[in-house]
Every structure is written in C-alpha cells, then in structure tokens.
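The values are calculated or read from the model by the stated rules, or taken from the named source; none is laboratory data. Just so we're clear, the structure is a prediction, and the values are computed from it rather than from any experiment. Heads up, the Cβs are rebuilt from the backbone with ideal geometry, glycines too, and the neighbour counts pull from every protein chain shown.
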Amino acid sequence: MMRKAGLSLAVLVLIVAILLSPDSPTVSAQPSTTVTLAASGDTYLKGGTPNTNEGASTFVRVQQSGPNRALIRFSQSEIQAAVDGGILVSAKVRMTITDNGNNWGTTGRTVDVHRVLVDWTEGNGLNGEGATWNCPKDTNIANQAPDGPLWKNLGPPYKDGGSYLVTPISTITITNGMSGVVEWTVTADVAAFLADTSNYGWIIRKTDEGSSGRADFASKENGVTNNRPQLVITYTSPPISKIVFTTSPQTLTAGVPSAVMTIQTQDANGNPANVASDTTIALSSTSHSGKFSLSTSPWSDAVSLTISAGSNSVSFYYKDTIAGTPTITAAENPSEGWIDATQEETVNPSALASFTISDYPSSTSAGQNFGSNDVTVSAYDAYGSVKTDYTGQVYFTSTDPQAVLPCTSGSKYTFTTGAGGDNGVHAFAGTGFTLRTLGSQTISVTDGTVSLTSSPITVSPAALSITITSDPTSSGFVKVDGSSIITPQAFMWVVGSTHDLEALSPVSGGSGIQYVWTSWSDGGGQSHTYTTPLSPQTVTASYGTREEIVTSTGSGTAYFDTKTGVLSDLSAVSEASLPAAGRPNLIFPHGFFSFTITDLTPGGTASVTITLPSAVPVGTQYWKYGPTPTDPTNHWYQLPMGDDDGDNMITITLVDGGLGDDDLTLDGVIIDQGGPANPPAPVGAPVGGYVAPVNKLAILAPSLVLFGVTAAVTALASAPRRHVH
C-alpha cells in the first residue's frame with residue numbers, strides 16, 4: 001500500500017487523541033474539513049446458504065437466522081486523497097436502515113463493526129468471483145460450492161463467515177422501530193490505513209448472533225444515493241511551515257509577461273495547508289526592473305497578493321526588462337515564521353536593437369593595422385541588456401574604400417553562445433583592420449538591418465621601410481631618384497609617395513663577364529616610377545650574366561647570355577677547325593662558338609641571346625656541327641633561330657639531351673658549338689656574297705651595292721641596335 005502522510009499508526013492515534021482533548025487549543029484552532037466517501041464494495045454473507053453471493057443486492061443484512069453479516073469497504077486511494085496530509089480528527093461508517101425486523105427485544109441489541117483482515121471480492125450475485133460465507137473469493141459463485149481458499153484457513157479467528165479482528169472497533173444499539181442513519185466510529189482503523197495498514201474494509205455483525213434481531217441497510221446498489229454507505233472523514237490542516245512555488249522555473253523574454261506562477265502554503269511534510277484567514281503575501285525580485293501582476297491583460301503592477309481564508313494557493317505573473325537570472329521571493333506579511341518561497345527565473349534578452357563598437361583607435365597610420373587595439377562589438381536588446389543569446393551574422397564596412405576589414409558582406413561572422421561562446425560580445429583582432437586612405441574615416445558594423453558607425457578615426461601618412469636591392473648586390477647596378485646606390489639600401493618612405501627606380505645594364509663584372517638586367521620584382525620596367533605601398537617591401541633588380549669573346553674571324557666581340565642555367569666555357573672556333581664535308585656553302589662572318597650551359601633541369605630548355613659585333617641580315621641561319629636525336633653521328637645541321645629581324649642580336653633555343661645538345665644526355669648540361677651564317681645569295685646577286693635588302697640600306701648611297709657584301713656588312717655594323725635580356 002502507498003504511504004501518503006508518512007506517519008506511524010501510534011503517532012496518528014496520538015494526534016487524534018490530542019485533537020479530541022480539550023487541552024489542545026493551539027492545534028484545535030486549525031479549521032477542520034469533512035469529506036464523505038462512497039463505498040467501493042459491499043455484500044453480505046449468509047450462513048444458511050454458505051456458497052451464495054449477494055454482491056448485487058440493493059441492501060446488506062444482519063440477522064440471527066443464518067446468521068447474516070455485512071461486508072463493506074472504501075477505496076484506500078480515496079481515503080488518502082481525502083485527508084491529503086492533513087491531521088485525522090474522526091472517521092465514521094454511516095449506514096441507512098431501510099428495513100427493521102423490529103425483533104430487537106425491549107431494550108434493543110448491539111451491532112459491532114470489526115476490521116477485516118483478508119481481501120475479498122464483492123461479486124455480482126450470479127457468476128464469476130465473489131465473497132460467500134465460506135470463501136472471501138469464491139471463483140465460481142454459480143455452482144453453489146466453495147471454490148477457493150476458505151475464510152477459516154486465512155487468518156484469525158479461523159472460522160467461516162469472515163476473517164476479522166475479534167475486538168470490534170465500534171458498537172451501536174439497534175432498537176425496534178429504528179430507521180434512517182446509524183454510524184460506527186472507525187477513526188483508529190482509518191488512521192491505521194493512512195499509516196500503511198492494509199485496508200480490506202469492515203464486517204458488520206450482531207454482537208449476539210443467537211438472539212433475534214434483523215436490520216437491512218442500503219447497499220451501494222441502492223436506488224437512493226443518499227442512503228448508500230458512506231465513510232465520513234473529518235480532518236484538520238497541519239500548521240503551515242512554508243510557502244513554495246508549485247510551478248517550475250521559467251525562461252522569459254525581456255519585456256514579455258511570464259506564464260502563470262503559483263505559490264502554495266504547505267506543512268512541514270510538503271502537504272498543502274490552508275490559511276485560516278486572508279493572508280497577505282509580499283512579492284519581490286532581485287532584479288530592480290522585475291514587476292508582478294495578477295493578470296497579463298491588463299497588466300497592473302502589484303507588490304503583494306492575498307491567499308483567501310480556507311485556501312492554500314494564489315497565482316500571479318512576472319515581467320522583467322533586464323536579462324539575467326533574477327530570484328523571486330514570496331513571503332507572508334506580517335511574518336508568521338514561515339519559510340519563504342524562492343525561485344530563480346531566466347530572463348533572455350529581447351530582439352536585437354543595437355550594437356556598440358569599442359576599443360578601436362582614434363588615429364592610425366595609413367596601411368598599418370590596428371595592432372593590439374582589438375575592436376569589440378556588443379549586441380544589445382531594446383532594454384539595454386547585452387543580448388547574450390545573439391547568434392546573428394555581422395560584417396564591417398568603412399568610409400575608406402581601400403580598407404582591409406576582418407569580415408565583409410561576403411564573409412560574415414556568426415556570434416556564438418554557451419560556454420566559451422561570444423554571448424553577445426565579440427572582440428575582433430585589431431590586426432584584421434587596416435585603413436589606407438588619408439583623412440577622417442569610420443568603420444561600421446551591421447547585420448544587414450541594425451548598424452552602428454564608429455567615431456571618426458584619423459588616418460595619417462605612414463613611413464615604411466622600403467629596401468632597394470639587386471641580384472647580385474654591389475654598386476653600379478641601381479639608381480634611386482637619379483642617384484646611384486650600393487645595394488641593398490633601406491629607405492623610409494611615406495605610403496603613397498613616388499620614386500624613380502632605374503636598373504643600369506649592362507654592368508661589368510670583370511674577367512670578361514657582364515651583368516644584364518632582366519626584371520624588377522615589382523614588375524616595373526628597367527626605368528620606372530615606384531609608388532610606396534601600404535606595407536614594408538623589398539624591391540629587387542635581377543640580373544643575368546653575359547660572357548664575351550672575340551670572334552675567330554676578327555669581326556669583333558660577341559656577347560652570350562641566358563636566363564636559364566649558367567653559361568660557361570665560352571670560346572671562339574674557327575671555320576677551318578671543323579670538317580668541310582657536308583658544310584653548307586654559306587658565309588660565316590663571325591666564325592663559330594663553343595660553350596656549355598649547366599644547372600638546368602634534366603630535359604629542360606635554355607634560350608641563349610647572342611649579341612654579335614655587327615648586324616646580320618634577315619634570313620640568317622644558325623648552323624651546328626654535331627649529333628642530333630635522329631642522327632647520333634656528328635654532322636652539319638641547321639638549328640632554328642629567333643629574333644631574326646636584321647640587327648646584331650639573335651636567339652637560339654637548346655634542349656638538354658635533344659636538339660642542340662652535343663652530348664644528347666638528359667643531365668642538365670648542354671654542350672654546344674655553332675655559328676650564324678649569312679643567308680644564301682639570291683639569283684642575280686654578285687658572286688661571293690648576299691646583298692642586304694634595299695630597305696635596310698636606303699639611307700646609304702646606291703653605289704654601295706657595287707662594293708659587295710663586305711661594304712654592306714661594314715655599313716650595318718656602323719649603327720648596331722642593342723637588345724638587353
């Protein structure tokens with residue numbers, strides 16, 4: 001059985017005794033409550049027909065002949081719910097006499113109520129299970145035979161007609177002519193039931209079943225509701241010891257009323273306890289913006305409310321505009337010594353209303369980030385509380401069109417919540433902000449709807465370290481603003497300022513080596529204007545090496561350079577030192593050259609620029625003597641030539657292990673020997689040479705044609721054009 005009040009039988013009986021005592025004014029001052037319960041089961045047992053069930057009868061009977069005894073019970077859960085933690089004062093079984101045999105003698109005879117000790121079944125009087133004189137649960141009442149355990153075998157007093165306590169709990173006297181309501185006091189038994197004693201109800205029987213006397217009592221099947229069996233319970237509420245919230249803590253939105261909140265007065269065991277008179281309850285909150293009201297529409301601020309006499313609870317609503325975790329307190333006023341009701345609520349911010357930006361610098365240098373000045377963005381609701389639940393996306397804009405910002409409309413930042421999250425406040429690293437445009441600028445934060453702009457930030461010019469150097473480094477390579485420098489050299493220049501850079505070329509390296517400018521690291525031309533950027537920078541003029549050699553024909557000095565690999569072992573080769581067999585019938589005015597290129601990627605190519613002592617005509621061919629991939633024996637073959645535009649500069653392309661590489665090995669090294677030849681003379685040209693096209697010599701006297709190739713070459717050499725690679 002379920003224990004409701006949690007009190008022992010002895011304690012309950014003691015309480016009942018105290019309540020009934022005239023010397024208990026404090027407790028008896030508590031208001032009493034009476035509840036009436038209907039029977040949950042009844043029947044009567046007939047000794048004359050011991051296997052008969054009367055569960056469907058409209059009455060229950062006690063009489064001598066038989067004898068007859070009545071069984072009655074009331075729901076244990078209803079008894080517990082009725083008292084509901086209160087203090088039991090009294091309990092009475094109330095029956096209504098509907099028929100009196102008027103055979104009770106001159107002074108009447110007594111009828112007792114005994115507590116039943118075993119479970120029993122009411123039955124329907126026809127079939128199935130039901131209580132009979134022989135059995136508390138006869139499983140087949142229709143066969144007029146005992147089916148199931150007998151009363152007499154189930155417990156004291158071990159006899160037919162019911163197993164019950166021998167000593168009655170209550171006794172009344174019935175006399176001739178008596179009718180209507182009669183009552184037996186069963187307070188001790190009900191107290192026992194509340195203290196977890198099994199509740200099987202009571203048996204009603206005559207004290208002296210050998211003497212005459214019959215009475216019929218209305219059963220729960222009786223047609224008159226008020227005549228049916230009742231258990232009348234009177235109890236008092238225990239003293240109030242505390243006020244508690246019966247509603248759970250709530251999560252609210254700032255400015256929005258809560259759901260209903262209810263408080264209740266209770267005794268020390270947590271049972272509801274009614275107040276004896278109207279009781280004022282004062283309400284308070286740890287939040288100075290917390291408000292209370294008895295209704296939400298209309299809202300009317302209240303600082304107290306009243307629990308009406310005879311009740312134990314009251315409800316109200318709470319509203320707060322400050323996000324946080326306020327604690328609400330409800331206390332009786334004036335104090336009765338009760339424990340106050342307290343409950344912590346959670347108030348979340350309302351919708352996003354604004355941002356703030358803080359910790360940014362008031363001034364900065366163009367092109368330099370904010371450094372340690374991290375920019376803090378805070379989100380607020382309409383009531384000025386940090387919006388700790390904000391999970392929106394934000395980004396920055398600026399009046400500076402060149403600004404560098406950590407978040408843009410295409411790369412927004414999403415606020416986070418919870419442990420380790422932003423919870424409405426995020427610091428953006430100062431290194432993510434750079435302003436470049438001079439003057440007064442601002443930064444703004446927005447989620448696309450709500451925005452905030454910073455105060456003006458003054459952007460001043462910044463002096464940066466710019467290093468000008470060359471590869472290789474030395475003097476004579478670079479001029480800055482018209483002055484030669486020794487590279488490398490650092491300058492402090494203001495962002496946006498301009499300076500003239502010039503790479504000198506060629507530059508003598510001694511021992512027959514020249515350095516030729518190839519490129520600037522900023523992509524500018526050999527001489528160009530440089531604009532100081534927003535951050536420190538090194539600008540390098542790169543050079544390639546150029547070797548020189550006097551030709552074998554004595555025509556002058558030739559220069560060789562390559563941008564890929566390292567060219568070395570340059571030498572002049574005479575035409576006479578090469579086999580005549582297979583040699584083309586062409587003029588090689590500068591003889592032949594031999595060189596080696598190393599530091600190539602195996603299988604790589606190298607473009608070699610050759611600057612000759614004098615110009616060569618368009619159509620000049622470059623011939624080599626050596627092996628080719630298709631013919632590994634040494635032989636004469638023509639190598640494709642570039643930059644064939646009639647000046648003194650030509651280019652050839654060689655492939656490691658391929659065309660132009662005399663060792664035909666993929667080893668990153670090219671060995672080459674060859675030379676340029678004048679193109680074949682056209683039909684009708686003077687014997688022994690080729691006359692250059694007229695457009696190349698238009699500025700010369702027509703008589704030069706008669707002097708042949710020698711005079712033409714001399715004229716071209718007098719005005720060479722220099723290409724630098």
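With (1) crowded, with 19+ Cβ neighbours inside 10 Å; (2) of a type outside the set (D, E, K, R); (3) assigned by TED's automatic domain parsing to the domain that holds Asp599 as the list, and Leu534 as the residue in question, which single condition is left unmet?
Every condition holds for Leu534 apart from (3).
Residue-wise test of (1) in contact with a helix residue (DSSP H, G or I) (Cβ under 9 Å, 6 or more places away or on another chain); (2) among the acidic types (Asp, Glu); (3) not assigned by TED's automatic domain parsing to the domain that holds Glu209.
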{"residue": "Glu54", "(1), (2), (3)": "no, yes, no"}
{"residue": "Thr58", "(1), (2), (3)": "no, no, no"}
{"residue": "Gln64", "(1), (2), (3)": "no, no, no"}
{"residue": "Leu71", "(1), (2), (3)": "no, no, no"}
{"residue": "Ile87", "(1), (2), (3)": "yes, no, no"}
{"residue": "Ala91", "(1), (2), (3)": "yes, no, no"}
{"residue": "Thr96", "(1), (2), (3)": "yes, no, no"}
{"residue": "Trp104", "(1), (2), (3)": "no, no, no"}
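Taking the range 241-276 on its own, how many of its residues are at pLDDT 90 or above, crowded, with 20+ Cβ neighbours inside 10 Å and not in a strand (DSSP E or B)?
Of the residues in the range 241-276, 3 are at pLDDT 90 or above, crowded, with 20+ Cβ neighbours inside 10 Å and not in a strand (DSSP E or B).
The rows are residues; the columns are (1) modelled with pLDDT under 95; (2) charged (D, E, K, R); (3) on the phi < 0 side of the Ramachandran plot.
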| position | (1), (2), (3) |
| --- | --- |
| Met2 | yes, no, yes |
| Gly6 | yes, no, no |
| Leu12 | yes, no, yes |
| Pro25 | yes, no, yes |
| Ala38 | no, no, yes |
| Thr58 | no, no, yes |
| Gly66 | yes, no, no |
| Arg73 | no, yes, yes |
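In the range 81-116, which residue that is outside any strand (DSSP E or B) and modelled with pLDDT of 95 or more is surrounded by the fewest Cβ atoms within 10 Å (Cβ to Cβ)?
Checking each candidate, the answer is Thr106.
Given the criteria out of contact with any strand residue (DSSP E or B) (no Cβ under 9 Å at 6 or more places or on another chain) and either among the β-branched types (Val, Ile, Thr) or under 30 Å from Leu435 (Cα atoms) (or both), does Gly496 qualify?
Taking the combined requirement at face value, the residue does not satisfy it.
Find all pairs meeting these conditions: Cβ atoms under 7 angstrom apart; at least six residues apart or on different chains; first residue within the range 375-404 and closer than 16 Å to Ser444 by Cβ and assigned by TED's automatic domain parsing to the domain that holds Gly418; second residue surrounded by fewer than 18 Cβ atoms within 10 Å (Cβ to Cβ) and among the acidic types (Asp, Glu).
Short answer, once both residue conditions are applied: Val375/Asp359; Thr376/Asp359; Gly392/Asp447; Gln393/Asp447; Val394/Asp447.
Just checking, does the range 462-471 include any residue being closer than 30 Å to Thr376 by Cα, among the aliphatic types (A, V, I, L, M) and in a strand (DSSP E or B)?
The answer is yes, given that some residue of the range 462-471 is closer than 30 Å to Thr376 by Cα, among the aliphatic types (A, V, I, L, M) and in a strand (DSSP E or B).
Please enumerate the residues belonging to the range 555-585 that are over 20 Å from Ser614 (Cβ atoms), of a type in the set (A, V, I, L, M) and surrounded by 12 or more Cβ atoms within 10 Å (Cβ to Cβ).
Val566, Leu567, Leu578, listed by residue number.
Hey, could you check the range 212-240 for residues that are within 60 Å of the chain's Cα centre (by Cα) and at pLDDT 95 or above and say which is nearest to Gly125 (Cα to Cα)?
Among those residues, the one meeting the criterion is Ile233.
I'd like to know if the range 588-604 contains one or more residues that are under 24 Å from Ile513 (Cβ atoms), among the hydrophobic types (A, V, I, L, M, F, W, C) and part of a loop (DSSP other than H, G, I, E, B).
yes
Between Pro136, Pro168, Pro146, which is in contact with a helix residue (DSSP H, G or I) (Cβ under 9 Å, 6 or more places away or on another chain), assigned by TED's automatic domain parsing to the domain that holds Val35 and either surrounded by 18 or more Cβ atoms within 10 Å (Cβ to Cβ) or assigned to a strand (DSSP E or B) (or both)?
Pro136
Residues in the range 666-677: is at least one assigned by TED's automatic domain parsing to the domain that holds Gly582, under 60 Å from the mean Cα position of the chain (by Cα) and modelled with pLDDT under 90?
yes
Given the structure, is Glu336 in contact with a Pro (Cβ under 7 Å, 6 or more places away or on another chain), over 15 Å from Leu452 (Cβ atoms) and surrounded by fewer than 16 Cβ atoms within 10 Å (Cβ to Cβ)?
When the stated conditions are applied, Glu336 does not pass them.
I need the full set of residues from the range 543-554 which are crowded, with 16+ Cβ neighbours inside 10 Å and not acidic (Asp, Glu), in order please.
Tyr543, Gly544, Thr545, Arg546, Ile549, Thr551, Ser552, Thr553
Taking the range 446-470 as the search range and keeping residues that are surrounded by fewer than 16 Cβ atoms within 10 Å (Cβ to Cβ) and more than 30 Å from Leu352 (Cβ to Cβ), which one is modelled with the lowest pLDDT?
Ala463
Find all pairs meeting these conditions: Cβ atoms under 7 angstrom apart; at least six residues apart or on different chains; first residue within the range 249-264 and of a type outside the set (A, V, I, L, M); second residue surrounded by 18 or more Cβ atoms within 10 Å (Cβ to Cβ) and in a loop (DSSP other than H, G, I, E, B).
Pro249/Glu345; Gln250/Ser258; Gln250/Glu345; Thr253/Ser350; Gly255/Thr321; Gly255/Ser350; Gln264/Asn312
Please go through the range 366-381 and pick out each residue that is of a type in the set (Ser, Thr, Tyr) and surrounded by 19 or more Cβ atoms within 10 Å (Cβ to Cβ).
Scanning the range 366-381 gives Ser378, Tyr380.
Here is a yes/no grid of residues against (1) out of contact with any helix residue (DSSP H, G or I) (no Cβ under 6 Å at 6 or more places or on another chain); (2) surrounded by fewer than 16 Cβ atoms within 10 Å (Cβ to Cβ); (3) assigned to a strand (DSSP E or B):
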residue	(1), (2), (3)
Gly162	no, no, no
Gly177	yes, yes, no
Val182	yes, no, yes
Arg205	yes, no, yes
Asn226	yes, yes, no
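When only residues in the range 408-445 that are part of a loop (DSSP other than H, G, I, E, B) and among the aromatic types (Phe, Trp, Tyr) count, which is surrounded by the most Cβ atoms within 10 Å (Cβ to Cβ)?
Step by step, filter the range 408-445, then rank; the result is Phe433.
Out of Thr342, Thr329, Thr321, Thr364, I need the residue that is part of a loop (DSSP other than H, G, I, E, B) and under 37 Å from the mean Cα position of the chain (by Cα). Which one?
Every option except Thr321 fails the conditions.
Residue-wise test of (1) modelled with pLDDT under 50; (2) basic (Lys, Arg); (3) under 19 Å from Phe588 (Cβ atoms); (4) not in a loop (DSSP other than H, G, I, E, B).
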site: Gly660; (1), (2), (3), (4): no, no, yes, no
site: Ala681; (1), (2), (3), (4): no, no, yes, no
site: Gly684; (1), (2), (3), (4): no, no, no, no
site: Val687; (1), (2), (3), (4): yes, no, yes, no
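Filter the range 382-407 down to the residues that are among the small types (Gly, Ala, Ser) and buried (at least 17 other Cβ atoms within 10 Å of the Cβ), then identify the one that is farthest from Phe433 (Cα to Cα).
Filtering first and then ranking leaves Ser385.
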